[in-house]
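Note sheet for the following structure.
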């Protein structure tokens, strides 16, 4: 199956999923369990107060699981995804119906509170839909846009929706708002990971992230990603999704939203008077599985990290000079970009660092370049490279007064959420922790060969212990 | 027992020691086994070619084991050691004899090759004594000095000895050398950890590290550290050591020494024409246990990290301003100092960072200050603090053209090992990754409270899995 159910099967067959059959409370228990399960996906099969509902979490929760989806080792997943993105978007097919239409809540039946939307973080302002992918359409170009936005449940028929001023959907909403019109929004919850991988893609506003998901989807399943028309708004949504919420974001309306535990590990960012979505319809599968998402070092960040890493890798590989970029890893807080590369010529690393510090995301404040012998997924190894390969006056540069990410609490915030001028201003730093160049510093480079103990890779403790 | 045997017992009782009864080859196997055992101490009881010999490694190999020795939790060990150092040195008692005199190899009997001195790293120039503490005496002041120096076995009666130009023992050797005299040296191998903790102490040249060890020793065992006179040189050595090598470092002699896997994870540093020690006698216990030491992220670095951390903590607590310094952790490569503190007043962190970047060690090129909510033993958490709390133009400073450590390959080396002018020149960097101040930025500080999932610390997966 080419949907969330197929993915659950795939995870389970690979020993990557734990079924939780005991009752779990979404208001007091679920968050800690997801947080603890850093290694395995969780399928909650018994949700207190929501008979028949199930919830999927941490799927993928590790780069190993991401690699599983792509059919490559964990360390090759970023490169594989980046390669597939080169294929560009793929048209989706609009069909007459699909599983997501099995149940339709319309009019008075609309009630978000009947869905087990859990509160993730202790400090959150309430229950939040973390895995909701907003689908909207640019009123000028007609191009669809799909993106993660956080949704605070404000009752049975309204959610708050935080939008940063740099996001495409904010810019689209501004168009509707300037015309005094409401923006139609569909919120997709639960589908194949391809949608979640590309949900945080960013680039040209005229590229539809749903069509990028369709490329991954076609590559894996050999078929089109099928869409169905919404019931109450002029938008298309994936036919095999678990749940779709249809609604409208009215112009000129802002309500108090937040706090919410965000990717950087704090919860007050972007809290304030934010837009809302009035829900007009909810459609879903008969036995819909809710998809939850925990940020900060867990699935929510992982999928964004993964996508950002691939985007950065793709853009770095476009740089002049024939750079030898192996892969990229964005940290669990989305702020630091680690580039694994071999510096062929002097200055290659700094050229790459500049590239990483200016890209389709405002998040990336710090970029670190390391060599192929550094495990970029091991923070101890990255800090070691900085310790032993950096002469700060030569290898560290800081660019002052650069626009930054509004959730980055370390920067200076100007304006406030929900306003057109809202922004952050700060600085960016590049750290070149690579070895001297291959071509022009070969002798010097040899000094940085790592020590390996006698018998390394051949002699193991297990063979010496009774 | 208040010696290495007592420590072995203490480790074993705490479940911290593994006995390796199968035969292990010191030239092809031992290194990898020590490297792999990051969590437990190893006692090798069957050394191929050295019947009757045993070798102790990774003891302590973790901060938990260091805490065990001090009787405090791992996270409190640095503070406890720093506190004990405030007691200053304790006179040692010279006694008439002791276990280390049970066996005496004199004259023709002297043969280092009969001791199972292992080669640690694949790239090493040969077998190295890693756990050898040099004891020498300043010819002017008469003050003893004890310090780690690496010793390459150059045959049965000679070892090479690398000495950096900033070390006290180099400065003492220079005095002997300028007089055309040989410097008497005793090399102590294997004793209570107190000697290994203070072996890397550095401060005023007129403080004897053996007498600092005696302070820790007295605090733990309630008695004096006993010394005995050497057989062939005018020096005193611990009576309860496992092995003592007596020798002389002749003036004006340099021989090729290296490579050797050093603390920073590389092996060519300091390789060159270094001083040698001609061995005159070896005394030991009847069933002496050899003590080996693996550097880089293992015991060798751990003991030095630990000592440096305590030294830095002690010095930071002397700073003006009533700084609230919780603890200090020096990274596994000895180059980066992480300070855990609460910034009471604005600028406290930068003041502390300056302090950490100038101390009794040339190693510390990078200093990072973090708050009490950051786990300084977890590199992921430290990188997270840098990601989310640092605005580089405000929080990072670089001091160019500072003298550095000659083993730090990233710096510029001037002169060469064994010469009086040998040095490194580079730069230092401070990173203030603390939260805004408690006193004058209380509101801003609140933004940096960490998110915690619902049920954190109360709800656990084990209670939900069948």
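The values are calculated or read from the model by the stated rules, or taken from the named source; none is laboratory data. Bear in mind that the values here come from a model prediction, so they are computed numbers and not experimental data. Cβ sites come from the backbone with ideal geometry, for glycine too, and all protein chains shown count toward neighbours.
Can you name every residue in the stretch A:409-436 that is closer than 23 Å to residue A:353 by Cα, more than 8 Å from chain B (Cβ to nearest Cβ) and touching a strand residue (DSSP E or B) at 6+ places or on another chain (Cβ under 9 Å)? Correct list: A:424, A:425, A:430, A:431, A:432, A:433, A:434, A:435. When the stretch A:120-129 is filtered for residues that are out of contact with any helix residue (DSSP H, G or I) (no Cβ under 7 Å at 6 or more places or on another chain) and not in a strand (DSSP E or B), the ones remaining, listed by number, are A:122, A:123, A:124, A:125, A:126, A:127. Of all residues in the stretch A:437-462, those that are within 11 Å of chain B (Cβ to nearest Cβ), in contact with a helix residue (DSSP H, G or I) (Cβ under 9 Å, 6 or more places away or on another chain) and farther than 30 Å from residue B:22 by Cα total 1.
As a summary of the residue check, residue B:405 satisfies the conditions (1) closer than 28 Å to residue A:333 by Cβ; (2) more than 7 Å from every other protein chain (Cβ to nearest Cβ); (3) buried (at least 21 other Cβ atoms within 10 Å of the Cβ) except for the one numbered (1).
Listed conditions (1) touching a helix residue (DSSP H, G or I) at 6+ places or on another chain (Cβ under 9 Å); (2) without any contact (Cβ under 8 Å) to a residue 40 or more places away in the chain are all met by residue B:47, apart from (2). Filtering A:195, A:294 for residues that are crowded, with 24+ Cβ neighbours inside 10 Å and in a loop (DSSP other than H, G, I, E, B) leaves a single hit, A:294. Residue selection: residue B:275 fails the criterion of being surrounded by fewer than 20 Cβ atoms within 10 Å (Cβ to Cβ) and in contact with a strand residue (DSSP E or B) (Cβ under 7 Å, 6 or more places away or on another chain). Taken over the stretch A:209-238, the residue count meeting the criterion of being surrounded by fewer than 17 Cβ atoms within 10 Å (Cβ to Cβ) and part of a strand (DSSP E or B) is 1. Residue A:266 meets all of the listed conditions (1) in contact with a helix residue (DSSP H, G or I) (Cβ under 6 Å, 6 or more places away or on another chain); (2) crowded, with 24+ Cβ neighbours inside 10 Å; (3) in a loop (DSSP other than H, G, I, E, B) but one, namely (1).
Right, residue A:177: more than 24 Å from residue A:311 (Cβ to Cβ), in the same structural domain as residue A:109 (by the TED database) and either assigned to a helix (DSSP H, G or I) or out of contact with any strand residue (DSSP E or B) (no Cβ under 9 Å at 6 or more places or on another chain) (or both) or not? When the stated conditions are applied, residue A:177 passes them. Against the definition (outside any helix (DSSP H, G or I) and more than 7 Å from chain A (Cβ to nearest Cβ)), how does residue B:465 come out, yes or no? No; evaluated as a whole, the condition is false for this residue. With respect to the conditions (1) buried (at least 18 other Cβ atoms within 10 Å of the Cβ); (2) part of a loop (DSSP other than H, G, I, E, B); (3) more than 22 Å from the chain's Cα centre (by Cα), residue B:140 falls short on a single one, namely (1). Among the residues of the stretch A:11-39, those that are surrounded by fewer than 19 Cβ atoms within 10 Å (Cβ to Cβ) and under 15 Å from residue A:60 (Cβ atoms) comprise A:12, A:13, A:14, A:15, A:38, A:39.
With the condition kept exactly as written, say whether any residue in the stretch B:275-283 is in contact with a helix residue (DSSP H, G or I) (Cβ under 6 Å, 6 or more places away or on another chain), more than 14 Å from chain A (Cβ to nearest Cβ), modelled with pLDDT of 95 or more and not in a loop (DSSP other than H, G, I, E, B). There is at least one residue in the stretch B:275-283 that is in contact with a helix residue (DSSP H, G or I) (Cβ under 6 Å, 6 or more places away or on another chain), more than 14 Å from chain A (Cβ to nearest Cβ), modelled with pLDDT of 95 or more and not in a loop (DSSP other than H, G, I, E, B). Residues that are surrounded by fewer than 20 Cβ atoms within 10 Å (Cβ to Cβ) and in contact with a helix residue (DSSP H, G or I) (Cβ under 8 Å, 6 or more places away or on another chain) within the stretch B:166-190 comprise just one, B:182.
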